[in-house]
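The values are calculated or read from the model by the stated rules, or taken from the named source; none is laboratory data. Because the structure is a prediction, the values reported are computed rather than measured. Counting neighbours? That spans all protein chains shown, and the Cβs are built from the backbone with ideal geometry, glycine included.
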């Protein structure tokens, strides 16, 4: 297989006639420029392989190569069920769990199961009250980067996400998705006590109060409550 993406040329897979490098910190001799970069990163925590498309950094050139493949839609694996394309064998393996329902990662605290290691790690941080992203404007903290990014769009105060049904504008994609549930015929949020159905989770939460139950969203918390 020969990569077709032009940015692959920035990665040196085979380094020929390159003299060994000596680490200025510990004196270790390393053969190869890429291995030297990785070794130095182990001292200072740097990310030596930078994507010149989006600026994302990586410790390993192999992870960098996979990242570039995703930019170029240069995928090697195809799902036999839904035809989704994936960049690596690991990606296709994780994707197949969406079809099989397999969730091999189980939280030892509450027993909840997850399909990926990253999802269970995020979940465990909620048990430990260890948010990883904090808004510098309002101090709100988040356990997931995606929630943090959506939150930052709120501070932009620009309603540029429009509903294709009623043309109402929203500050971020998450609020637009929630709004579009109103237009959906299916009411997918169901009360486990009386089976009443709602189009939005907010409606279900309000209804649960009538049963004496208060549901708290776990996607974000205030930093002051953690520190």
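Across region 162-180, which residue is surrounded by the fewest Cβ atoms within 10 Å (Cβ to Cβ) among those that are modelled with pLDDT under 85 and in contact with a helix residue (DSSP H, G or I) (Cβ under 6 Å, 6 or more places away or on another chain)?
165
Just to verify a result, which residue in region 140-161, among those that are part of a loop (DSSP other than H, G, I, E, B) and either at pLDDT 85 or above or under 16 Å from the mean Cα position of the chain (by Cα) (or both), is surrounded by the most Cβ atoms within 10 Å (Cβ to Cβ)?
My answer is 143.
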